[in-house]
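Colleague: Below are the C-alpha coordinates for one structure; questions will follow.
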Amino acid sequence: MPRILKIQRAIGVATVALSTTLNLHGEMKIPDEYKQGGFAIGCQAYTFNHFSVFEAIEKTAEAGGKVIEFFPGQKLSKEEPNVKWDHNASDETISKVKAKLAEHKILAVNYGVVGIPKDEAGARKVFEFAKKMGLRAVTTESTDAIDTIEKMVKEYDIMVGFHDHPRRAIDPKYRMWDPNYILSVVKDRDPRIGSCADTGHWVRSDLKPVECLRILKGRIISSHLKDLNKMGSGAHDVPFGTGVSDIKGVLDELKSQGFQGNISIEYEYNWDNSVPEVKQCIDFVRNYGK
(Lines give C-alpha, C1' and ligand atoms only; values in the text may rest on other atoms or scores of the structure.)
Protein backbone atom coordinates (compact mmCIF):
# COMPACT_ATOMS: atom_id res chain seq x y z
CA MET A 1 0.00 0.00 0.00
CA PRO A 2 1.43 3.44 -0.91
CA ARG A 3 2.63 5.42 2.09
CA ILE A 4 0.12 8.24 1.57
CA LEU A 5 -2.76 5.78 1.62
CA LYS A 6 -1.45 4.22 4.81
CA ILE A 7 -1.37 7.66 6.42
CA GLN A 8 -4.90 8.47 5.23
CA ARG A 9 -6.17 5.15 6.51
CA ALA A 10 -4.51 5.71 9.89
CA ILE A 11 -6.05 9.16 10.13
CA GLY A 12 -9.46 7.72 9.27
CA VAL A 13 -9.21 5.04 11.96
CA ALA A 14 -8.08 7.61 14.51
CA THR A 15 -10.98 9.90 13.58
CA VAL A 16 -13.51 7.10 14.00
CA ALA A 17 -11.98 6.16 17.35
CA LEU A 18 -12.10 9.77 18.54
CA SER A 19 -15.68 10.17 17.33
CA THR A 20 -16.70 7.00 19.15
CA THR A 21 -15.06 8.22 22.36
CA LEU A 22 -16.82 11.58 22.13
CA ASN A 23 -20.16 9.91 21.48
CA LEU A 24 -19.73 7.70 24.53
CA HIS A 25 -18.66 10.56 26.77
CA GLY A 26 -20.28 13.69 25.40
CA GLU A 27 -23.34 15.80 25.86
CA MET A 28 -26.75 14.41 24.99
CA LYS A 29 -27.98 16.18 21.88
CA ILE A 30 -31.50 17.55 21.90
CA PRO A 31 -33.19 16.37 18.67
CA ASP A 32 -33.77 19.04 16.03
CA GLU A 33 -37.50 18.39 16.07
CA TYR A 34 -37.61 20.11 19.47
CA LYS A 35 -35.80 23.23 18.24
CA GLN A 36 -37.24 26.51 17.02
CA GLY A 37 -35.17 29.31 15.54
CA GLY A 38 -32.18 27.03 16.01
CA PHE A 39 -32.73 26.62 19.76
CA ALA A 40 -34.46 24.14 22.06
CA ILE A 41 -36.87 26.66 23.53
CA GLY A 42 -39.50 25.96 26.17
CA CYS A 43 -40.38 26.72 29.75
CA GLN A 44 -38.97 26.35 33.21
CA ALA A 45 -41.99 24.90 35.02
CA TYR A 46 -41.42 27.49 37.76
CA THR A 47 -43.09 29.96 35.38
CA PHE A 48 -46.28 28.09 36.28
CA ASN A 49 -45.57 27.40 39.94
CA HIS A 50 -49.10 28.52 40.88
CA PHE A 51 -50.23 25.45 38.96
CA SER A 52 -49.42 21.73 38.88
CA VAL A 53 -46.80 19.82 36.86
CA PHE A 54 -49.51 18.59 34.50
CA GLU A 55 -50.78 22.15 34.00
CA ALA A 56 -47.22 23.41 33.46
CA ILE A 57 -46.83 20.88 30.65
CA GLU A 58 -50.16 21.95 29.15
CA LYS A 59 -49.30 25.64 29.36
CA THR A 60 -45.85 25.09 27.85
CA ALA A 61 -47.50 23.42 24.88
CA GLU A 62 -50.14 26.17 24.67
CA ALA A 63 -47.41 28.82 24.52
CA GLY A 64 -45.64 26.95 21.72
CA GLY A 65 -42.73 25.49 23.69
CA LYS A 66 -41.35 22.07 22.87
CA VAL A 67 -39.13 21.40 25.89
CA ILE A 68 -39.53 21.79 29.63
CA GLU A 69 -37.30 22.09 32.67
CA PHE A 70 -38.81 20.85 35.91
CA PHE A 71 -38.15 22.11 39.44
CA PRO A 72 -38.47 20.22 42.73
CA GLY A 73 -41.57 20.49 44.89
CA GLN A 74 -44.35 21.30 42.42
CA LYS A 75 -47.64 19.52 43.00
CA LEU A 76 -48.27 16.77 40.47
CA SER A 77 -51.81 17.47 39.26
CA LYS A 78 -55.23 18.78 40.22
CA GLU A 79 -56.25 15.19 40.85
CA GLU A 80 -53.23 14.48 43.07
CA PRO A 81 -52.32 17.82 44.68
CA ASN A 82 -50.62 16.16 47.63
CA VAL A 83 -48.13 14.30 45.43
CA LYS A 84 -44.96 16.37 45.04
CA TRP A 85 -42.77 16.17 41.95
CA ASP A 86 -39.05 15.85 42.62
CA HIS A 87 -36.17 13.36 42.46
CA ASN A 88 -37.82 11.24 45.16
CA ALA A 89 -40.80 10.49 42.88
CA SER A 90 -41.97 6.91 42.59
CA ASP A 91 -41.68 5.02 39.32
CA GLU A 92 -45.47 5.21 39.07
CA THR A 93 -45.41 9.01 39.33
CA ILE A 94 -42.57 9.21 36.80
CA SER A 95 -44.62 7.11 34.38
CA LYS A 96 -47.57 9.47 34.76
CA VAL A 97 -45.42 12.50 33.98
CA LYS A 98 -43.85 10.77 30.98
CA ALA A 99 -47.31 9.96 29.65
CA LYS A 100 -48.39 13.58 30.06
CA LEU A 101 -45.27 14.79 28.25
CA ALA A 102 -45.92 12.37 25.38
CA GLU A 103 -49.55 13.49 25.15
CA HIS A 104 -48.44 17.08 24.52
CA LYS A 105 -45.25 16.23 22.58
CA ILE A 106 -43.04 18.01 25.11
CA LEU A 107 -39.50 16.82 25.85
CA ALA A 108 -38.19 17.04 29.42
CA VAL A 109 -34.57 18.18 29.21
CA ASN A 110 -33.54 19.61 32.57
CA TYR A 111 -34.25 19.68 36.31
CA GLY A 112 -33.50 22.31 38.93
CA VAL A 113 -32.58 24.45 40.66
CA VAL A 114 -31.94 21.55 43.01
CA GLY A 115 -29.49 21.06 45.85
CA ILE A 116 -26.98 18.27 45.23
CA PRO A 117 -25.47 16.89 48.45
CA LYS A 118 -21.80 16.06 48.91
CA ASP A 119 -22.58 12.49 49.93
CA GLU A 120 -22.78 10.15 46.98
CA ALA A 121 -25.97 8.43 48.12
CA GLY A 122 -27.86 11.72 48.21
CA ALA A 123 -26.38 12.97 44.94
CA ARG A 124 -27.13 9.68 43.24
CA LYS A 125 -30.87 10.15 43.87
CA VAL A 126 -30.80 13.29 41.74
CA PHE A 127 -28.84 11.67 38.92
CA GLU A 128 -30.89 8.46 38.97
CA PHE A 129 -34.02 10.56 38.58
CA ALA A 130 -32.43 12.48 35.71
CA LYS A 131 -31.48 9.21 34.06
CA LYS A 132 -34.99 7.77 34.40
CA MET A 133 -36.43 10.94 32.86
CA GLY A 134 -33.87 10.98 30.04
CA LEU A 135 -32.71 14.47 30.97
CA ARG A 136 -29.76 16.19 29.38
CA ALA A 137 -28.78 18.23 32.45
CA VAL A 138 -29.39 19.19 36.05
CA THR A 139 -29.29 22.75 37.39
CA THR A 140 -27.85 23.52 40.83
CA GLU A 141 -25.97 26.02 42.97
CA SER A 142 -24.21 23.37 45.09
CA THR A 143 -20.63 24.38 44.38
CA ASP A 144 -19.54 22.82 47.67
CA ALA A 145 -20.40 19.41 46.17
CA ILE A 146 -18.32 19.91 43.00
CA ASP A 147 -16.16 16.82 43.56
CA THR A 148 -19.20 14.58 43.99
CA ILE A 149 -20.96 16.29 41.08
CA GLU A 150 -18.02 15.67 38.77
CA LYS A 151 -17.97 12.00 39.73
CA MET A 152 -21.70 11.68 39.02
CA VAL A 153 -21.39 13.54 35.71
CA LYS A 154 -18.76 11.09 34.55
CA GLU A 155 -20.72 8.07 35.73
CA TYR A 156 -24.14 9.07 34.38
CA ASP A 157 -23.08 11.22 31.39
CA ILE A 158 -25.54 13.89 32.54
CA MET A 159 -24.50 17.54 32.43
CA VAL A 160 -24.67 20.05 35.30
CA GLY A 161 -25.15 23.80 35.04
CA PHE A 162 -24.44 26.12 37.97
CA HIS A 163 -27.21 28.71 38.27
CA ASP A 164 -26.92 32.37 39.23
CA HIS A 165 -29.29 34.36 41.42
CA PRO A 166 -28.79 38.12 41.90
CA ARG A 167 -26.05 39.49 44.14
CA ARG A 168 -27.16 39.90 47.75
CA ALA A 169 -26.29 43.05 49.69
CA ILE A 170 -27.10 41.28 52.95
CA ASP A 171 -25.01 38.21 52.04
CA PRO A 172 -21.66 39.20 50.52
CA LYS A 173 -20.53 35.57 50.73
CA TYR A 174 -23.01 34.67 47.97
CA ARG A 175 -20.95 34.63 44.76
CA MET A 176 -23.06 32.75 42.23
CA TRP A 177 -24.14 36.01 40.57
CA ASP A 178 -20.58 36.55 39.30
CA PRO A 179 -19.76 34.70 36.03
CA ASN A 180 -16.06 34.91 36.89
CA TYR A 181 -16.73 32.94 40.06
CA ILE A 182 -18.74 30.32 38.15
CA LEU A 183 -15.86 30.03 35.70
CA SER A 184 -13.37 29.54 38.54
CA VAL A 185 -15.49 26.64 39.83
CA VAL A 186 -15.90 24.83 36.50
CA LYS A 187 -12.87 25.69 34.33
CA ASP A 188 -10.71 22.72 35.35
CA ARG A 189 -13.59 20.27 35.59
CA ASP A 190 -15.23 17.85 33.19
CA PRO A 191 -16.52 19.82 30.15
CA ARG A 192 -20.05 18.63 30.90
CA ILE A 193 -20.03 20.94 33.96
CA GLY A 194 -20.68 24.63 33.38
CA SER A 195 -23.23 27.42 33.73
CA CYS A 196 -27.00 27.63 33.71
CA ALA A 197 -27.01 31.22 32.48
CA ASP A 198 -29.86 33.13 34.10
CA THR A 199 -29.76 36.36 32.11
CA GLY A 200 -32.43 38.07 34.21
CA HIS A 201 -30.52 37.64 37.43
CA TRP A 202 -27.38 39.00 35.75
CA VAL A 203 -29.38 42.09 34.79
CA ARG A 204 -30.62 42.38 38.38
CA SER A 205 -26.94 42.31 39.39
CA ASP A 206 -26.26 45.19 36.95
CA LEU A 207 -24.36 42.90 34.58
CA LYS A 208 -24.76 42.72 30.81
CA PRO A 209 -25.78 39.19 29.76
CA VAL A 210 -23.77 39.09 26.52
CA GLU A 211 -20.58 40.01 28.39
CA CYS A 212 -21.30 37.32 30.99
CA LEU A 213 -21.82 34.70 28.28
CA ARG A 214 -18.47 35.62 26.74
CA ILE A 215 -16.74 35.14 30.08
CA LEU A 216 -18.25 31.64 30.26
CA LYS A 217 -17.65 30.80 26.60
CA GLY A 218 -17.76 27.06 25.97
CA ARG A 219 -19.25 26.39 29.41
CA ILE A 220 -22.89 27.33 28.87
CA ILE A 221 -24.91 24.20 29.62
CA SER A 222 -28.38 25.78 29.61
CA SER A 223 -30.08 29.13 30.10
CA HIS A 224 -32.94 30.65 32.03
CA LEU A 225 -33.55 33.37 29.46
CA LYS A 226 -35.24 36.54 30.69
CA ASP A 227 -35.80 40.04 29.39
CA LEU A 228 -36.35 42.64 32.12
CA ASN A 229 -37.86 46.11 32.09
CA LYS A 230 -34.79 47.77 33.67
CA MET A 231 -31.33 47.15 35.05
CA GLY A 232 -30.83 46.47 38.76
CA SER A 233 -33.04 45.27 41.59
CA GLY A 234 -36.78 45.63 41.38
CA ALA A 235 -36.89 44.73 37.68
CA HIS A 236 -39.54 42.38 36.32
CA ASP A 237 -39.94 40.14 33.28
CA VAL A 238 -41.23 41.47 29.99
CA PRO A 239 -41.68 39.76 26.59
CA PHE A 240 -38.43 39.17 24.73
CA GLY A 241 -37.20 42.15 22.76
CA THR A 242 -39.09 44.74 24.81
CA GLY A 243 -36.65 45.10 27.70
CA VAL A 244 -32.99 45.87 28.45
CA SER A 245 -31.45 42.37 28.26
CA ASP A 246 -30.47 42.44 24.54
CA ILE A 247 -32.11 39.10 23.80
CA LYS A 248 -31.04 39.15 20.16
CA GLY A 249 -27.46 39.76 21.25
CA VAL A 250 -27.75 36.86 23.69
CA LEU A 251 -29.04 34.54 20.95
CA ASP A 252 -26.29 35.74 18.60
CA GLU A 253 -23.66 34.94 21.23
CA LEU A 254 -25.12 31.53 22.05
CA LYS A 255 -25.23 30.69 18.36
CA SER A 256 -21.61 31.80 17.85
CA GLN A 257 -20.55 29.55 20.74
CA GLY A 258 -22.28 26.53 19.19
CA PHE A 259 -24.65 26.28 22.17
CA GLN A 260 -26.61 23.00 22.15
CA GLY A 261 -28.51 23.25 25.43
CA ASN A 262 -32.05 24.19 26.33
CA ILE A 263 -33.38 27.69 26.77
CA SER A 264 -35.94 27.82 29.56
CA ILE A 265 -38.30 30.78 29.78
CA GLU A 266 -38.66 31.43 33.49
CA TYR A 267 -41.25 34.19 33.43
CA GLU A 268 -41.64 35.49 36.97
CA TYR A 269 -44.37 38.06 36.43
CA ASN A 270 -48.12 38.04 35.83
CA TRP A 271 -48.00 34.62 37.44
CA ASP A 272 -51.62 33.56 36.93
CA ASN A 273 -51.97 34.60 33.28
CA SER A 274 -48.50 34.59 31.74
CA VAL A 275 -49.10 32.26 28.77
CA PRO A 276 -49.66 35.10 26.23
CA GLU A 277 -46.40 36.77 27.28
CA VAL A 278 -44.51 33.47 27.30
CA LYS A 279 -45.85 32.84 23.80
CA GLN A 280 -44.42 36.21 22.72
CA CYS A 281 -41.03 35.10 24.06
CA ILE A 282 -41.17 31.79 22.21
CA ASP A 283 -42.28 33.52 19.02
CA PHE A 284 -39.28 35.87 19.31
CA VAL A 285 -36.90 32.92 19.38
CA ARG A 286 -38.82 31.07 16.66
CA ASN A 287 -38.46 34.10 14.39
CA TYR A 288 -34.80 34.64 15.27
CA GLY A 289 -32.66 35.07 12.19
CA LYS A 290 -35.58 35.28 9.75
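Colleague: Roughly how compact is region 136-290, stated as its Cα Rg over 2.2 N^0.38 Å to two decimals?
Modeller: Rg over 2.2 N^0.38 Å, computed on Cα atoms: 1.03.
Colleague: If you don't mind, there's one more thing I want to ask. Over the Cα atoms of the chain, Rg to Rh with Kirkwood Rh, two decimal places?
Modeller: 1.00
Colleague: Keeping all protein chains in position, work out how much accessible area ILE116 exposes to a 1.4 Å probe, and write it in Å² to the nearest 10.
Modeller: Accessible surface of ILE116 is approximately 10 Å².
Colleague: Compute the relative contact order of the chain as a whole-number percentage, counting only Cα pairs closer than 8 Å that sit 6 or more residues apart in sequence.
Modeller: 19
Colleague: Let me ask something else about it. Enter the Cα centre distance for the pair region 240-275 and region 118-149, rounded to the nearest angstrom.
Modeller: 25
Colleague: On to the next question. Could you look at region 97-217 and say what percent of its accessible area is carbon and sulfur, using a 1.4 Å probe and all protein chains?
Modeller: So the carbon and sulfur contribution to the accessible surface is 50 percent.
Colleague: For the chain, what does -39500 (n - 2.57) per DSSP helix run (n ≥ 4), summed and divided by total residues, give at 222 nm, in deg cm²/dmol to the nearest 500?
Modeller: -12000 deg cm²/dmol
The values are calculated or read from the model by the stated rules, or taken from the named source; none is laboratory data. Keep in mind that what you see is a predicted model, and the values were worked out from it rather than measured. Remember, those area values only see protein heavy atoms, side chains included, never the ligands or the DNA or RNA. Shrake-Rupley method; radii C 1.70, N 1.55, O 1.52, S 1.80 Å.
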